[in-house]
1. Of the residues that sit in the range 50-68 and are surrounded by 14 or more Cβ atoms within 10 Å (Cβ to Cβ) and within 13 Å of Phe29 (Cβ to Cβ), which one is modelled with the lowest pLDDT?
2. Among the residues of the range 7-39, what is the count of those that are crowded, with 16+ Cβ neighbours inside 10 Å and small (Gly, Ala, Ser)?
3. Please verify whether Gly2 is at pLDDT below 95 and on the phi > 0 side of the Ramachandran plot, treating the condition exactly as stated.
4. Restricting to helices (runs of 4 or more DSSP H) lying wholly in the range 1-52: which have 1 or more residues that are within 16 Å of Glu90 (Cβ to Cβ) and under 28 Å from the mean Cα position of the chain (by Cα)?
5. Take Arg46 and tell me if it is crowded, with 18+ Cβ neighbours inside 10 Å, charged (D, E, K, R) and more than 29 Å from Val99 (Cβ to Cβ).
6. Scan the range 86-101 and report the pairs whose first residue is in contact (Cβ under 8 Å) with a residue 40 or more places away in the chain and in a helix (DSSP H, G or I) and whose second residue is surrounded by 10 or more Cβ atoms within 10 Å (Cβ to Cβ) and acidic (Asp, Glu), with Cβ atoms within less than 6 Å and a gap of 6+ or a chain change.
7. Answer yes or no as to whether Thr26 is in contact (Cβ under 8 Å) with a residue 60 or more places away in the chain, under 24 Å from Arg103 (Cα atoms) and among the hydroxyl-bearing types (Ser, Thr, Tyr).
Amino acid sequence: MGLDDLEAFLRKKGAAELLTEIGTGTATFNALVDAVAVSNSTVSARLSEGVDREVFTVRHSPTEHGTEKQYQLTILGRRIYDWAEKTEFERKVRELRRVRHERATAFEQLLGRINRDMEIRKMVADVDPLEGKDVELPDGASLVQKEPSEEALREAKFERLEDSLEPITDDGSEENSG
């Protein structure tokens, strides 16, 4: 294998990320699939190619359910991983995984809110939807109710406080309505 072959392998989708994950200790197939944002078949193909190019080795470990493959870096793989650490590529891969996790969490929160939004439930359960009809909203208008600003919340609170005050009579005393 020449340097061009090695570079071509590392440029393939998921290869450099797999090398980084194996270098940090994520070694089983399932753990690698969870850690890298590529399909199972791509992970499988890259692992096979990495073993063929002597970047990874495979160790078979017996488990309760059969044999588990664990991937490790070869001397060549370790050297590449060392460069990944020195160039901060390894850190960027970890950041990317963290951001992907945050995005997935935020997306699940979005879906949770959508599923609990009664207005959306009414819209999608409507037997006579506005489908095919042109509905024009004024500029800046939205079907989704916007949260009031902090200023609007303060003003509403102040108005509620004002409304609960007893009126003052002309003689300066408070009127007792009860």
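1. Restricting to residues being surrounded by 14 or more Cβ atoms within 10 Å (Cβ to Cβ) and within 13 Å of Phe29 (Cβ to Cβ), the top hit is Glu68.
2. Number satisfying all stated conditions: 6.
3. no
4. Filter on the range 1-52 gives 3-11, 15-23, 29-35.
5. Considered against the rule, which asks whether it is crowded, with 18+ Cβ neighbours inside 10 Å, charged (D, E, K, R) and more than 29 Å from Val99 (Cβ to Cβ), Arg46 comes out as no.
6. Val93/Glu17
7. So Thr26 fails the test.
The values are calculated or read from the model by the stated rules, or taken from the named source; none is laboratory data. Just so it is clear, the model here is predicted, and its values are computed rather than measured. For neighbour counting, all protein chains shown are included, and Cβ atoms are generated from backbone atoms with ideal geometry for every residue, glycine included.
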